[in-house]
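Before anything else, here's the structure in question.
The values are calculated or read from the model by the stated rules, or taken from the named source; none is laboratory data. If you're wondering where the values come from, they're calculated on a predicted model, not measured in any experiment. All Cβ positions, glycine included, derive from the backbone under ideal geometry; neighbour counts span all protein chains shown.
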Amino acid sequence: MEAMNIANIEIIQANTNRINRSTAKKFERMRVAAYCRVSTDSEEQLLSYNSQVTHYKNLVESNLEWELVDIYADEGISGTQTEKRTEFQRMINDAVGGKIDLIITKSISRFARNTLDTLKYVRLLKQHNVAIQFEKENINTLAMNGEMLLVILSSLAQQESESISSNIKMGLKMKMKRGETVGFSGCLGYEYNPIDKTFTVNEEEAEIVRYIFRRYIEGAGSFVIAKELTALNYKTPRGNTKWGEGTVRAIIKNEKYKGDMLLGKTFTVDPLTHRRLDNMGEEEKYYIHDHHEPIITDELFEEAQKILHIRSSKHNGCISSSKNTSKCH
């Protein structure tokens, strides 16, 4: 067998330029985008935001092999939920649409603090041959070990988010213990000043509140009162003219109308989804007596609560039979 002649073999070097396979178009320079975010809208954080924008402009423009596509920047938005970040979503759409080759961002926690979201978008971008460069962690997601490191580091970022949420929760509890109003925007019958957190009676609306309690004490149910209020064209707390019995019942149960304030009625279950539940004893509550000027008397409020309790007990004691009749215990 004759020996193979390899003298005439020419080696064609790999092309380091970017190529769009769908059009076979060659890109001489890498198309780079930057993403930056600050988590609050305080003056200090906004200065950080401006410095990030300047940093990325200088970084991309100083590299002759890079071409700046855009700088995508969200201000004052939490990193735990990517759906609320309009610039982030615009960047992802542009990347999937073939406009971006590389995304640079400060860290995983700036990109997303939810592990599942981080991996979801990293994998989506990898499918479109788009890399993400995390400066702080020195990770490029198209590298061989990029995703393994990403899982570990994004989990740490999620723990950081949960820790921050826990600290915020503790701070709110301290405020409530001091009697400070937390998370309140206002209610029917009162004008609320968010600066000094004071309540002032709105007499026009207060008359609606007094009407509701008076009619309830007289024996009218929430459904009947709601129909009466709608007929009278009175406005609900949300400014509507159509009343529901649930709105009426909520007003009857609201301790603010006798001048008191209960803090901690709801609590956040998950810092990532921000889902809140009614506090049925899982967390501490704080009751402040004589917090502001009352619209109704203690006696009227307590009488309404007794009626509400009796009617709720009767309602809960009723069982529907197979013949669609009602039997009450």
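Quick one: count up the residues across the range 102-118 that are buried (at least 16 other Cβ atoms within 10 Å of the Cβ) and in a helix (DSSP H, G or I). It would help to see each step written out before you state the result.
Step one: of the range 102-118, the residues buried (at least 16 other Cβ atoms within 10 Å of the Cβ) are 102-106, 108-115, 117-118.
Going one step further and asking which of them are in a helix (DSSP H, G or I), we end up with 108-111, 115, 117-118.
Result for the range 102-118: 7.
Any chance the range 63-77 includes a residue that's under 27 Å from LYS120 (Cβ atoms), at pLDDT below 70 and surrounded by 12 or more Cβ atoms within 10 Å (Cβ to Cβ)?
yes
Identify all residues within the range 81-106 that are modelled with pLDDT under 90 and out of contact with any strand residue (DSSP E or B) (no Cβ under 6 Å at 6 or more places or on another chain); write none if there are none. Steps first, answer last, please.
Here is the first cut: in the range 81-106, the ones modelled with pLDDT under 90 are 81-86, 106.
Result: GLN81, THR82, GLU83, LYS84, THR86, LYS106.
For the range 155-167, indicate whether the set of residues that are at pLDDT 85 or above, among the hydrophobic types (A, V, I, L, M, F, W, C), in a helix (DSSP H, G or I) and surrounded by fewer than 16 Cβ atoms within 10 Å (Cβ to Cβ) is non-empty.
No: zero hits.
Looking at the structure I just gave you, is GLN133 farther than 25 Å from GLU65 by Cα, assigned by TED's automatic domain parsing to the domain that holds LEU59 and at pLDDT 90 or above?
No: the conditions fail for GLN133.
Now for a separate question. Within the range 230-247, take every residue that is surrounded by 15 or more Cβ atoms within 10 Å (Cβ to Cβ) and in contact with a Lys or Arg (Cβ under 9 Å, 6 or more places away or on another chain) and give me the one that is farthest from GLU191 (Cα to Cα).
Per the criteria, the residue is THR230.
Could you list, in sequence order, all residues of the range 119-136 that are crowded, with 18+ Cβ neighbours inside 10 Å and over 24 Å from the mean Cα position of the chain (by Cα)? Reasoning before the result, please.
Here is the first cut: in the range 119-136, the residues crowded, with 18+ Cβ neighbours inside 10 Å are 121-122, 125, 130-134.
LEU125, VAL130, ALA131, ILE132, GLN133, PHE134 - these are the residues of the range 119-136 that are crowded, with 18+ Cβ neighbours inside 10 Å and over 24 Å from the mean Cα position of the chain (by Cα).
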